[in-house]
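The values are calculated or read from the model by the stated rules, or taken from the named source; none is laboratory data. If you're wondering where the values come from, they're calculated on a predicted model, not measured in any experiment. Glycine also receives a Cβ, built like all others from the backbone with ideal geometry; neighbour counts cover every protein chain displayed.
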Amino acid sequence: MIALVTQLSDAENQAWLALFKEQMPAEEIVIFSQMNNEQRLACDIAIIANPLLEHLESLPNLVWVHSLWAGVESLVKAVEKMKLTLVRLIEPMLSQTMAEAALAWTLYLHRDMPKYAKQQSQKIWHQIEYTEPKDRHISILGLGALGQEAAKVLSAQGFKVSGWSYSPKTLEGVDCYHGEEGLQTMLTNTHILICLLPLTDMTSGLINREFIAHLPDGAQLINFARGGIVNSTDLFAALDAGKLDHAVLDVFEQEPLTCDSEYWQHEKVTVLPHISAQTNPVSASKIVAKNIDKYRQQGIIPDGVDMGKGY
Ligand code: NAP
């Protein structure tokens, strides 16, 4: 028995349910709010999207949960307490979409689009000196499922690409760094920094004044990961002081942004409404179904989130 536990709208739940039923015709899959007590007791797997924890807690025989999202930071601590395996969505299509976003917004900064938009609003005709991609250094924080694909696409576009991860890595065409010292070395040579880290105890508030100080003057930031990784006070200070030239932000501590948020107004900030890589329901449902089938056939739960590391 599988429960669909989400805070999505009825229509969205029904659409997901239809896809899952198509992919897993032999499974009994029920939306949490429609489950009776017997079904709750029989439920061993939950497919989740930002679920209420009390809903998960009312499924006493759950063995593992499969998230429909790649980012599961808000769930890690609670699910660890419940002693469940938390499987997040790892999906090639999602990685490709994120890599496309990394390329799109890197080109936006690389080709000075915010500056030309501002010039147009002031009727200024001024040609900014062109920089070749090979001379533009892009650094990626996080070389996981998303960061690695982004690095590949940016490198193929001719940019000089570096990346930073927790453990040492070797990736073709990418200068790989790890550790505190590696981070500082990488930042010193960065023109555009792309954040694709998970939000954990170690990365919360990582991009603060001290961190930004390691970047060259005029560096630019793209945050596709989680708002909590950036210290907003320090970010605004760096933008105002000219230390940072521009920030493209897709994620915020509070989403949606409130009308009075300073982000909307800031001329050096491009606000995106958390759109860099959205889950594709068709491909995601196939991956979830494949993982569940493997569990049913072989008893193998896919690798879950490392609760110690928090991602
Ligand atoms: P992932 O596969 O778990 O990769 C995370 C990467 O970050 C790994 O390379 C890891 O290093 C590195 N890392 C983690 N903690 C670190 C630390 N303290 N120091 C240095 N490196 C560290 O995650 P992913 O699938 O690429 O996703 C990354 C994040 O993107 C998600 O957690 C989510 O927040 C965000 N996301 C955003 C959107 C959006 O639409 N904006 C969509 C999907 C996901 P190791 O390789 O050494 O473990």
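Quick notes on this one:
- Among the residues here, Glu73 qualifies as touching a Leu at 6+ places or on another chain (Cβ under 6 Å), under 26 Å from Phe252 (Cα atoms) and either of a type in the set (Phe, Trp, Tyr) or at pLDDT below 95 (or both).
- Test: residue in region 233-246 that is buried (at least 16 other Cβ atoms within 10 Å of the Cβ) and within 12 Å of the ligand (Cβ to nearest atom): no
- Any hit, region 112-135, residues being part of a helix (DSSP H, G or I) and near the ligand (Cβ under 10 Å from one of its atoms): no
- Complete set of residues in region 271-302 that are in a loop (DSSP other than H, G, I, E, B), at pLDDT 95 or above and either closer than 30 Å to Ala104 by Cα or within 12 Å of the ligand (Cβ to nearest atom) (or both): Leu272, Pro273, His274, Ile275, Ser276, Ala277
- Looking only at residues of region 210-244 that are touching a helix residue (DSSP H, G or I) at 6+ places or on another chain (Cβ under 7 Å) and touching a residue at least 40 places away in the same chain (Cβ under 8 Å), we find that the one that is nearest to Ile194 (Cα to Cα) is Ile222.
- Residue in region 157-167 that is farther than 19 Å from Thr190 by Cα, under 22 Å from the mean Cα position of the chain (by Cα) and either free of Cβ contacts under 8 Å to residues at least 24 places away in the same chain or part of a strand (DSSP E or B) (or both) present: yes
- Residue pairs whose Cβ atoms lie under 8 Å apart, sitting 6 or more positions apart in sequence or on different chains, and linking a residue in region 89-106 that is surrounded by fewer than 18 Cβ atoms within 10 Å (Cβ to Cβ) to a partner that is outside any helix (DSSP H, G or I) and among the small types (Gly, Ala, Ser), are Ile90/Ala70.
- Residues that are in contact with a His (Cβ under 8 Å, 6 or more places away or on another chain) and either assigned to a loop (DSSP other than H, G, I, E, B) or within 10 Å of the ligand (Cβ to nearest atom) (or both), drawn from region 136-156: Arg136
- Within the span defined as region 166-180, one or more residues are out of contact with any Asp or Glu (no Cβ under 7 Å at 6 or more places or on another chain) and among the polar types (S, T, N, Q).
- For Ser74, the test of being within 16 Å of the ligand (Cβ to nearest atom), of a type in the set (Ser, Thr, Tyr) and buried (at least 17 other Cβ atoms within 10 Å of the Cβ) is failed.
- If you check Asp240, Asp260 for being more than 22 Å from Tyr116 (Cβ to Cβ) and out of contact with any strand residue (DSSP E or B) (no Cβ under 8 Å at 6 or more places or on another chain), only one passes: Asp260.
- Failed condition for Val305, given (1) of a type outside the set (Lys, Arg); (2) under 16 Å from the mean Cα position of the chain (by Cα); (3) assigned to a helix (DSSP H, G or I): (3)
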